[in-house]
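Heads up: the structure comes next, in structure tokens.
Derivation of every value follows stated rules applied to the coordinates shown; laboratory data play no part. Being a predicted model, the structure only gives us computed values, none of them experimental. Virtual Cβ from ideal backbone geometry, glycine too; neighbours counted across all protein chains shown.
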Amino acid sequence: MSETKATLPTIVRFAPSPTGRIHIGNARTALFNQLFAWQFDGRFVLRFDDTDVERSREEYAASIVTDLAWLGIKPDVVVRQSQRVALYEAAAARLRATGRLYPCYETPDELDRRRKRQQARGLPPVYDRAALQLTNADRAKFEAEGRRPHWRFMLDPGEVAWDDMVRGHCHADAGSLSDPVLVREDGSYLYTLPSVVDDLDLGISHVIRGEDHVTNTAVQLQIFTALSDGRPAPRFGHHNLLTTASGEGLSKRSGALSLTSLRERGIEALAVCALAVLTGTSASVHPVASLAELGTLFDLSHVSRTSAKFDEAELEALSARTLHIMPLAELEGRLAALGIARGSTIDLEAFWLAVRGNLAQLSDALTWWHVVNGPITPLIEDPDLLAAAQASLPQGAFDARTWKTWTDGLKSSTGRKGKALYHPLRLALTGHESGPDLAALLPLIGPHKAAMRLAGKGG
Ligand code: GLU
């Protein structure tokens, strides 16, 4: 990582608005923050941007917590903007007192007409600060007409620059921007101010978010300066956004590629993590066995600046390949929930290593658990071979070499080889046409059940 350890503690935040189910693109932002926090022994704040009471729903907040936990993210702190309005009021009061927040009475129609006039004259459609010319009498007149002010933040002219953790040196000319509205007519806050107030109050050291927010940064940096009493603003990193293979953006509203739907489809969380984090970076997308491993591959400065196209079709294969390398320790609890647990006569570690390479989904492990435990219905294809096989089953406990010793013997005694030898054995021992390596399955099935199955008896 190019980032050096700051003297201030590393505190990051993921700030979804609970207005829908989060998708794989949101997972990218959340994971970037979490992996970054882990790299610097930092803390992860989950902040619900729920000031929009109409659209925010408790059900979505709950699903976001569940989805993050599924990915392996456990926030250190959870805050809700709806419970922090007093802080925004205090900040707005401070800005009003210094004249940085000023009341405006234009209606949307008036603003629109003004913009059109500016454009007709070839001028940029920047708010002309006409409200600053209003006298007390003008304002009183508007108020008497029933108009309520919205409040704009007065930008300092000049260039705002920052060293973006992803995009490098960035700058914006504040003189070419309209003074942003921070407070609406009804007294509610747009996202811009509460976000800065919270970042300051919670000591956020790094703001890692999608590049759709890069246009907010110059304004937010000026608000930081106005409110921070000399404390440094966080460092910013704006990452590229995930798009579908055809280049479309992801939307929370459509529910497409929501984490909930991926989980319900049986996709492995680690596969989602690998795809979300590695797409659009200098690393190739490949399966990882743990989030810790993914953390070692993650480097914000290696995130590319162009959009990160990912192929949804890759997810299933990536999910299977993830299972194929996962150690038992990563999913023992989930196997237990399927009924695959220690305590049976089967060695769970050996079972997992034998079957994982054959799974498309974790629940497929149940098929093989039933095969090694029995009873199964053996399929009988070549009774003569099976009789010879049963008669020559090695004595004593089975181990990893048993299969080879046994089938080598059968090759010479019966003259059969290849599919003619192995296929009938597989059908009888497992009841399946194909499956995990029999050398690994046979010791799990054990001598007693193997003998029964070769004799065509359910065992
Ligand atoms: N609520 C904003 C969003 O979901 C957060 C933006 C930010 O991280 O500052 O896009």
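Numbers at a glance
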read-out: Spatial separation of Cα centroids for the range 204-238 and the range 321-363, in angstrom; value: 45
read-out: For the range 106-210, with +1 on Lys and Arg beta carbons and -1 on Asp and Glu, the positive-most of LEU190, LEU155, PRO108 along the dipole; value: PRO108
read-out: Neighbour cut-off at most 13 other Cβ (10 Å), DSSP loop, GluC sites (Glu not before Pro), the range 103-151; value: GLU145
read-out: log₁₀ of I(q)/I(0) at q = 0.06, 0.07, 0.09, 0.11 Å⁻¹ - the chain, Debye sum with one point per alpha carbon; value: -0.42, -0.53, -0.73, -0.93
read-out: Segment ARG148-THR377, extension gain: residue separation times 0.36 nm, minus the distance between their alpha carbons; value: 74.6 nm
read-out: Convex hull per residue volume in Å³, alpha carbons only, for the range 258-300; value: 74
read-out: For the range 205-364, projected area of the alpha-carbon convex hull averaged over all directions, nm²; value: 12.5
read-out: Unit charges on C-beta of K, R, D, E only; dipole of the chain, Debye; value: 280
read-out: Computed [θ] at 222 nm, helices only, for the chain once each DSSP H run of length n ≥ 4 contributes -39500 (n - 2.57); value: -13500 deg cm²/dmol
read-out: Angle between the chain longest axis and helix 24-39 axis [Cα atoms, degrees, rounded to 10]; value: 90
read-out: Global geometry of the range 158-199, whether rounded, prolate or oblate, following the gyration tensor of its Cα atoms and the 1.5 cut on a/c; value: oblate
read-out: Helix axis angle, 328-338 relative to the chain longest principal axis, alpha carbon, degrees; value: 80
read-out: Percentage relative contact order, the chain, counting C-alpha pairs under 8 Å, at least six apart; value: 14
read-out: Cβ charges +1 (Lys, Arg) and -1 (Asp, Glu), total dipole of the range 79-195, debye; value: 200
read-out: Global form of the range 387-438, assessed from the alpha-carbon gyration tensor, a/c cut-off 1.5; value: oblate
read-out: C-alpha long axis of helix 192-201 to longest principal axis of the chain, angle in °; value: 70
read-out: Distance (nanometres) between label positions extended 7 Å along Cα→Cβ at SER188 and SER282; value: 4.5
read-out: Pair ALA130, ALA420: separation of 7 Å Cα→Cβ label points (nm); value: 9.5
read-out: Qualifying trypsin sites (Lys or Arg not before Pro) for the range 407-437 [loop in DSSP, other Cβ within 10 Å: at most 14]; value: LYS417
read-out: Loop sites in the range 247-335: trypsin sites (Lys or Arg not before Pro), DSSP, at most 14 other Cβ within 10 Å; value: ARG253, ARG265, ARG305
read-out: Separation of alpha-carbon centers, the range 136-176 and the range 64-81, rounded to whole Å; value: 33
read-out: Prolate/oblate/rounded call for the range 120-218, Cα gyration tensor, a/c under 1.5 rounded; value: oblate
